[in-house]
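In what follows, a structure is listed as structure tokens, so that the remarks can point back to it.
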Amino acid sequence: MAERERNNRERDRNEERDSEFVDRLVHINRVAKVVKGGRRFGFAALVVVGDQKGRVGYGHGKAREVPEAIRKATEAAKRALVRVSLKEGRTLHHDVAGRWGAGRVFVRMAPAGTGIIAGGPMRAVFETLGVQDVVAKSLGSSNPYNMIRATFAALANEDSPRSVAARRGIKVSALQSRRNDIDPEAAASVEG
């Protein structure tokens, strides 16, 4: 009896944890294996999972049936979650570029009200991450797997002012005051 209650509590806890995540199906690929009796079809799914509060992950699953492939991909994505620091909880701290294979992406911070300007697979990543304002451009490969991996490579390069200040051994206020102390005329003379 006690074991059954323990299992029920554990199942409820897992359901609560799973309910906090939002998942987006990015791509399904059907593959055929030719055998003696004909063709055997299999499916591969690419899924992005996030909590819309700064954690996101992607996963790949393969199975004979589509729902099973999606389930496997979702579980893989939940195991591979990464945390990304967001500025004001709505955009990135700075512009970043990412690359994976032939896929290249550029991700830029945006002012409030811009929305998510990104295509296909990248849009799924930003929606599940919880970003509200971002501009992204994909160059090179349009393969969804490479685009997702390039986007995650770009997000891995994202640094918050807090982490930069800790790495340099200074206070965040000192770091940001330096940024504000840059003279606009001096910056214009350096550029021109």
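The values are calculated or read from the model by the stated rules, or taken from the named source; none is laboratory data. Keep in mind it's a predicted model, so treat the numbers as computed, not measured. Backbone-built Cβ (ideal geometry, glycine too); neighbour counts: all protein chains shown.
Any idea which of Lys36, Lys72 is without any contact (Cβ under 8 Å) to a residue 24 or more places away in the chain and basic (Lys, Arg)?
After applying the criteria, what remains is Lys36.
This table checks each residue for (1) within 24 Å of Phe21 (Cβ to Cβ); (2) touching a helix residue (DSSP H, G or I) at 6+ places or on another chain (Cβ under 7 Å); (3) surrounded by 15 or more Cβ atoms within 10 Å (Cβ to Cβ).
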| position | (1), (2), (3) |
| --- | --- |
| Arg55 | yes, no, yes |
| Gly59 | yes, yes, yes |
| Arg64 | no, no, no |
| Ile70 | yes, no, yes |
| Leu86 | yes, no, yes |
| Trp100 | yes, yes, yes |
| Gly103 | no, yes, yes |
| Ala112 | no, no, no |
| Gly115 | yes, no, no |
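So which residues in the range 50-73 are part of a strand (DSSP E or B) and either over 21 Å from Thr151 (Cβ atoms) or not charged (D, E, K, R) (or both)?
Correct list: Gly50, Val56, Gly57, Tyr58, Gly59, His60, Gly61, Lys62, Ala63.
Residues in the range 115-136: is at least one touching an Asp or Glu at 6+ places or on another chain (Cβ under 8 Å), modelled with pLDDT under 95 and among the aliphatic types (A, V, I, L, M)?
Yes, because at least one residue in the range 115-136 is touching an Asp or Glu at 6+ places or on another chain (Cβ under 8 Å), modelled with pLDDT under 95 and among the aliphatic types (A, V, I, L, M).
Conditions tested, residue by residue: (1) free of Cβ contacts under 8 Å to residues at least 40 places away in the same chain; (2) in contact with a Pro (Cβ under 6 Å, 6 or more places away or on another chain).
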| residue | (1), (2) |
| --- | --- |
| Arg83 | yes, no |
| Gly89 | no, no |
| His93 | no, no |
| Gly98 | no, no |
| Arg104 | no, no |
| Arg108 | yes, no |
| Ala112 | yes, no |
| Pro121 | no, yes |
| Glu127 | no, no |
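What residue, among those in the range 143-176 that are part of a loop (DSSP other than H, G, I, E, B) and modelled with pLDDT under 90, is surrounded by the fewest Cβ atoms within 10 Å (Cβ to Cβ)?
The qualifying residue surrounded by the fewest Cβ atoms within 10 Å (Cβ to Cβ) is Gly169.
Restricting attention to the range 143-165, which residues are in contact (Cβ under 8 Å) with a residue 40 or more places away in the chain, of a type in the set (A, V, I, L, M, F, W, C) and under 15 Å from His93 (Cα atoms)?
Ala154, Leu155, Ala156
May I ask you to verify whether Thr128 is of a type in the set (S, T, N, Q), within 15 Å of Glu158 (Cβ to Cβ) and surrounded by 18 or more Cβ atoms within 10 Å (Cβ to Cβ)?
The answer is no for Thr128.
When you go through (1) of a type outside the set (Gly, Ala, Ser); (2) in a helix (DSSP H, G or I); (3) surrounded by fewer than 16 Cβ atoms within 10 Å (Cβ to Cβ) one by one for Pro121, which number turns out not to apply?
That leaves (3) as the condition not met.
Quick one: is Ala76 in a strand (DSSP E or B), touching a His at 6+ places or on another chain (Cβ under 8 Å) and of a type in the set (A, V, I, L, M)?
no
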